Amino acid sequence: MRLGELEKLVLNYLWSVDKADAKQVHAYFEEQRGGTLNTIQSTLDRLFKKGLLVRTKESHAFQYSSAASRKAFIGQLIRDVTRDFTGDDEDSLLAAFVSLSTELDESQLDKLDRSIQEYRKQSNRTKKS
Amino acid sequence: MISGFPAFILNWVSIIAISSLIVVGLITISTQFNNVHFERFSVDARRSLLWLAALSPWIIGILAGFIALSSGGDYWAAKLSSVVFHWHHPREFILASWHGASIAISIIYVMYVAVGHILKLLDSGNKLNTLVALAEPLDSDIQRLDTDTPAAFTAGYLKPRSYITQALLSQLSDEEFSIVKLHEKEHARRYDPVKKCLFQLLTALFPRNVSQRLNQSMTTAMEQSADRAILDEVPDRATIAATLLKVRRLVAQPIHLQTDTSFICNYGIDNIEQRIEYLLTEDKGKSIPVLATFLIFFSMSVLCAMSADFIHHTIEYTLSHY
């Protein structure tokens, strides 16, 4: 999904408010960076078509709000990027601290935990002797 | 018909195409045997060997072309036996021939792989830019992402940056956080994301199962390199391993969010086992076998130079009789 600079700003704004129509969004950005109402309307429309905003018609104007919370959106972006490059390689583009999307096998992780404890015991014994 | 130096280059490209195919085939066959383990080498040796494996179709193709053309033509001072290696017409090339077709198919395939890769790269770059715009600097080395998904990673090609999510940060002690940060800082210092990307592009010429295996080995080697770098500042191996395990438990996600390839799920476990074992063991593996590597590359180049001519004659004989 491609997001332009203004789209990111508008999305950030809509995360900070419950909902807003095009005029309210324009009023907010007019003070900050200028721009026309038309530009804001088309930006809102693009974000709606990308599924990032939802809208309801109230009187004659659309009220826009974000489709997902900021946290959920960032979480989805991280997941998208991690499996992006070859479609099935979990962390191909990233150099992740640990794999981001692999199945947890408790018994195998417990076994590793025991290995670490054993290593600690051996290290302590070596230090004492 | 093209003649002279352009024809010489086209003949060389034709030999590179045939040789690359042979090398890919040989590597594919050799990786089917379970005793081929890159893991028995040290991290640095493994990284070098994996890069050599990824580059081998190109390196061997170029060398094979040199051997075959220098034996049959008069371009090079070094003339090898024209009985074993020869290329009958190094200075003549007919585009409307099977040689022309093989070059066209090779170029189309390489372009298809490269363009597909670049398009994905651009798309991912855009998503990363969005992430960058939403991140807040935690300190000079790492950025914070406000989300409920626990994760720590380094991303970006020309300016790699490290990220940690609030969900993970809130569950780490100061020492654990510094371990994660040192690990990610090493990835950024080594430009691992762009190297990973380049490695994927090179291995895309191999069959899917082989490229996956090579990429998994490279990922593991990169992670082990970053783990090893932590030891300079945190000498307690057990604490590093315990942090790795703790983060691994935290990032485990519900089944419905996972990719659907069981092969990859297993890899995740294998990867963490290898990393923890590597941290805790004193034996860091063998160094790069320089002589053996040289001999393998040389013999494969010779084999490809001979095979290219054999294939050339076989196809020409077949075509001239049908």
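The values are calculated or read from the model by the stated rules, or taken from the named source; none is laboratory data. For clarity, every value in this text was computed on a predicted model and none was experimentally measured. Reconstructed Cβ throughout: ideal geometry from the backbone, glycine too, with neighbour counts over all protein chains shown. Note: accessible area is taken over every heavy atom of the protein model, side chains too, but ligands, DNA and RNA are not part of it. Shrake-Rupley method; radii C 1.70, N 1.55, O 1.52, S 1.80 Å.
If a residue must be among the hydrophobic types (A, V, I, L, M, F, W, C) and closer than 14 Å to A:Glu7 by Cα, how many such residues does the stretch A:19-36 contain?
Selection size over the stretch A:19-36: 3.
Would it be correct to say that A:Arg79 is basic (Lys, Arg), assigned to a helix (DSSP H, G or I) and at pLDDT 85 or above?
On the way: basic (Lys, Arg): yes; assigned to a helix (DSSP H, G or I): yes; at pLDDT 85 or above: no.
Judged against the criteria, A:Arg79 is not a match.
Could you please tell me which pairs satisfy a Cβ distance under 7 Å, a separation of 6+ or placement on different chains, a first residue in the stretch B:120-147 that is farther than 17 Å from A:Gln76 by Cα, and a second residue that is at pLDDT below 80 and open to solvent by 20 Å² or more (accessible area, probe 1.4 Å)?
From the stretch B:120-147, the pairs are B:Lys120/A:Asp84.
Is at least one residue of the stretch B:183-191 open to solvent by 30 Å² or more (accessible area, probe 1.4 Å) and under 17 Å from B:Thr239 (Cα atoms)? Explain how you work it out, then say what you get.
Filtering the stretch B:183-191 for residues open to solvent by 30 Å² or more (accessible area, probe 1.4 Å) gives B:185, B:189-191.
With the extra rule that they be under 17 Å from B:Thr239 (Cα atoms), the set shrinks to none.
Scanning the stretch B:183-191 turns up no residue that is open to solvent by 30 Å² or more (accessible area, probe 1.4 Å) and under 17 Å from B:Thr239 (Cα atoms).
State which residue is farthest from the other protein chains (Cβ to nearest Cβ) when the search covers only the stretch B:146-163 and only residues that are modelled with pLDDT of 85 or more and farther than 26 Å from B:Leu198 by Cβ.
Here the answer is B:Pro150.
Restricting attention to the stretch B:198-236, report how many residues are buried (at least 22 other Cβ atoms within 10 Å of the Cβ) and more than 30 Å from B:Ile29 (Cα to Cα).
Of the residues in that region, 3 qualify.
Which residues, taken from the stretch B:193-217, are among the polar types (S, T, N, Q) and away from chain A (no Cβ under 11 Å)?
B:Asn209, B:Ser217
Among the residues of the stretch B:118-133, is any surrounded by fewer than 20 Cβ atoms within 10 Å (Cβ to Cβ), at pLDDT 85 or above and facing chain A (nearest Cβ under 9 Å)?
No, the stretch B:118-133 has no match at all.
Among the residues of the stretch B:158-182, write down those that are open to solvent by 50 Å² or more (accessible area, probe 1.4 Å) and either in contact (Cβ under 8 Å) with a residue 40 or more places away in the chain or in a helix (DSSP H, G or I) (or both).
Matches in the stretch B:158-182: B:Gln166, B:Gln171, B:Asp174, B:Glu175.
For the stretch B:237-254, how many residues meet the condition of being modelled with pLDDT of 90 or more and open to solvent by 10 Å² or more (accessible area, probe 1.4 Å)?
Total meeting the criteria: 4.
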